[in-house]
Structure formats: C-alpha cells, structure tokens
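As structure tokens, the structure follows; a few thoughts come after it.
The values are calculated or read from the model by the stated rules, or taken from the named source; none is laboratory data. Given the structure is predicted, the values throughout are model-derived calculations rather than measurements. Cβ placement follows ideal geometry from the backbone for every residue including glycine, while neighbour counts extend to all protein chains displayed.
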Amino acid sequence: MRAFTLTGARTWSVQQLPDPNPGPDDVLIQVHRVGLCGTDVELFTGEMAYFAQGHTRHPLQIGHEWSGQVVEIGANVDRSWLGQRVSGDTMIGCGQCHRCLSNRWHVCDNRQEIGVRSGWPGAMAELHLMPARALHALPDAVDYAAGAMAEPGGNAVRCVDATGLGAGARLGVIGTGTIGLLVAMLAQARGIEVHLVAQDNAHQEFPRALGFQFVHTWTSIPSQPFAAIVDASTDASVPSRGIEHVEPGGRIVYIGLAEVPSPIDTRRLVFADLTAVSILGAGYGLPHAISAFAAGAVDPRPLIAATVGLDEVGDVLGGWKPPQAGLGPKIQVDPRQ
Ligand SMILES: [Zn+2]
Ligand SMILES: [Zn+2]
C-alpha cells in the first residue's frame, strides 16, 4: 500500500509499505477520506506537546479523522462488519483500567491515539488497521467526505453538550476553524442562538457565507454577555478574555489549544460563579455527530475546501493551499488518488 509518513520535523515521504494484516480483533479498511487538522500540523512541525512528553515520535503515520470501507476482518470480528462503510474513534483505551471501565477511555493513561500518540499508525494510507471495537458504521445518508468529519464532529457535540444550553439561549463561539464552525452548526440545529467571534474581518467572510447571522470580531462583540462560550480558538489570550463575556453563573468550554500557556485568573471565574469545562477528544460524541449528519441536522461538507492526494499532504501541512481550494477550513485527502 501507499502511505504518507512524517519522517522528522517538516520532512515526509510517500512510501510503498506492506499491506497490514488484521489481528484477531482488528479490521482492515480501504481508506476513502482523511481530514487534516491542527493536530496534524503540530505533528508535522514537531511542536505538538506529546513529543516533549515522550508520547509520540517520528517517524509517524498520521491520520485520525477518516472514513473508509472494511475489506478484511480478524478471526474474532463479527462478519457483519465486512463491506461496511465506517469511521472510527481516535482514542483507544486499554479497556481494563478504572477510566476505561467508567466510559472515560479517551483519558486512559495507556491509550493509543490513532495517528497521534503511542505508535498506532494513522489512516494516511490506502489501507488502515483498526480495532473493531472502535468502529462506527456510517449510514447511507453519510458519504465518505462527511464520514471523515465525524471525529471533529464528535468533539463539537461534546462542546455543545458541555455548554448546558437549550433552545433560545445565546452562545458565543470563539474561533472559525473546523471545530468552531461545527460547534456553531450543531448548536444552531438545537435552536441555540449562535454568535461566532472571528479573529479578524477576513475570517468573518466564510461563516457569513455559511449563513450565520451573528458574526463578530473582538472589536464588535456584543456587550451583553453570553449564557456560555466555547473557545475553539488557538489564541492564548482567549481563555482568560472569554470569561468577561459569559453571563454570571454560565459556562466556558475550552477545546482550542494555543502554542504557549494560556493563564487564567480563577478569581474571575469565582466572582462570576462560572463553570469551566475542557474537552479532549470525540468520545461518546462521535456516534451523535454521525446521527446529526445522517438526519440532515448538520451538513459538514461545506467546510471542506479541497480534496487532495497523498503526494500533496506534505505541502498542505506546510501551509500550501491547492489553487482550486474554497474558503472552508478543512482539507481532506483521498489516498486512492
Ligand atoms: Zn483532528
Ligand atoms: Zn484504560
């Protein structure tokens, strides 16, 4: 199979590798789409914190937002998976510790993060190995492009849940990347009044084109505080600054990561009686994202600016955009190209 490998910081190769063989509990997937995200860029540049913490190293085969079709199954795997269109969880817990046994496998100390941490190869290849227990079937209504958005979609579902908001409430979403826009779409589908906050005027254009009515920058943000805020930005000042825009008693949800520490004065949380929540990974949200896509409540595909082949992945990670790319934040890869 052909596979894309990060061989070091800002170096890569597309190699011919032997086809993987599924173990007894694994399946082999022909990959149709893989999304590239900020985590992949950090793995490319070598800035990802897991390098310093010893959780990952080069060479590394990336790809944790993907979709494909099961083409081979291990001896213990239910035959109904064969031929199934699927996506899958990035976080693979050990299955035995107290966290795994209490539905917190995404923070298992011994977890694999496929294509990110602990060495399980990612999906940036023609074929991808997965433990069957981490698969999620894609209904007919969810095509491969949307299916590869299920993983970021699952993160976004958990963010919206963490706001605790229902229909009619006002939510501020800071950041107009894939996660921010998916949070906004999912929240709007629940009847929540969504206000997006873009980093500058130029970044207001795409959310407006998607049909969002309330798109601001920091200079035009409404003075009336929001019932909750989701920080999906990569700006180190936002975790602290966002607090000023949440209604006392409300919630602030953190999912964005900056390249440097983002200090918070907890007195500002306490005096406003705020709840701060953090989200790592799609977890239980992944099948809920697939359901929202299947029901037509949210269509993630307008976020995809372009679909490229394996040979173009290195250039995209280095900042190159295909000439035909749209305004959306997501670039996908079709490894069969
Ligand atoms: Zn990602
Ligand atoms: Zn565990």
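Some observations on this one:
- Residue identified as touching a Lys or Arg at 6+ places or on another chain (Cβ under 9 Å), among the β-branched types (Val, Ile, Thr) and without any contact (Cβ under 8 Å) to a residue 60 or more places away in the chain among ILE252, ILE243: ILE243
- Unmet criterion (only one of (1) touching a residue at least 40 places away in the same chain (Cβ under 8 Å); (2) farther than 30 Å from ASP25 by Cβ; (3) away from ligand 1 (no atom under 16 Å from the Cβ); (4) not polar (S, T, N, Q)) for LEU138: (2)
- Those strands (runs of 3 or more DSSP E) of segment 249-337 in which at least 1 residues are within 27 Å of ALA169 (Cα to Cα), considering only elements entirely within it, cover 275-278.
Each row is one residue, and each column tells you yes or no for (1) touching a residue at least 60 places away in the same chain (Cβ under 8 Å); (2) of a type outside the set (S, T, N, Q); (3) over 28 Å from ASP143 (Cβ atoms); (4) more than 16 Å from ligand 2 (Cβ to nearest atom).
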{"site": "GLY8", "(1), (2), (3), (4)": "no, yes, yes, yes"}
{"site": "ARG57", "(1), (2), (3), (4)": "no, yes, yes, yes"}
{"site": "CYS100", "(1), (2), (3), (4)": "no, yes, yes, no"}
{"site": "VAL107", "(1), (2), (3), (4)": "yes, yes, yes, no"}
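- Filter pass, PRO121 being in a loop (DSSP other than H, G, I, E, B), of a type outside the set (Asp, Glu) and closer than 25 Å to VAL14 by Cβ: yes
- LEU186 vs. criteria more than 15 Å from ligand 1 (Cβ to nearest atom), in contact (Cβ under 8 Å) with a residue 12 or more places away in the chain and in a strand (DSSP E or B): no
- Among residues of segment 288-305, those that are buried (at least 19 other Cβ atoms within 10 Å of the Cβ) and of a type in the set (Asp, Glu), counted: 0
- Taking the numbered list (1) part of a helix (DSSP H, G or I); (2) under 22 Å from PRO302 (Cα atoms) in turn, GLY242 passes all entries but (2).
- Conditions (1) farther than 29 Å from VAL14 by Cα; (2) surrounded by 14 or more Cβ atoms within 10 Å (Cβ to Cβ): number failed by VAL308: (1)
- Residue that is within 16 Å of ligand 2 (Cβ to nearest atom) and in a loop (DSSP other than H, G, I, E, B), where the choices are GLY63, GLY95, GLY83: GLY95
- No other residue among VAL70, VAL41 is surrounded by fewer than 17 Cβ atoms within 10 Å (Cβ to Cβ), more than 16 Å from ligand 2 (Cβ to nearest atom), touching a residue at least 60 places away in the same chain (Cβ under 8 Å) and of a type in the set (A, V, I, L, M) apart from VAL41.
- Test result for TYR144, farther than 24 Å from HIS288 by Cα and hydroxyl-bearing (Ser, Thr, Tyr): no
- ILE229 satisfies every condition listed in (1) assigned to a strand (DSSP E or B); (2) free of Cβ contacts under 8 Å to residues at least 12 places away in the same chain except (2).
- For segment 75-129, the tally of residues that are touching a Cys at 6+ places or on another chain (Cβ under 8 Å) and within 16 Å of ligand 1 (Cβ to nearest atom) stands at 2.
- Of all residues making up segment 311-330, the number that are crowded, with 16+ Cβ neighbours inside 10 Å, closer than 18 Å to GLU42 by Cβ and under 19 Å from the mean Cα position of the chain (by Cα): 5
Matching residues to (1) touching a Lys or Arg at 6+ places or on another chain (Cβ under 8 Å); (2) modelled with pLDDT of 95 or more; (3) within 22 Å of ARG208 (Cβ to Cβ):
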site	(1), (2), (3)
GLY285	yes, yes, no
SER291	no, yes, no
ALA297	no, yes, yes
ARG301	no, yes, yes
ILE304	yes, yes, yes
THR307	yes, yes, no
GLY314	no, yes, no
LEU317	no, yes, no
ASP334	yes, yes, no
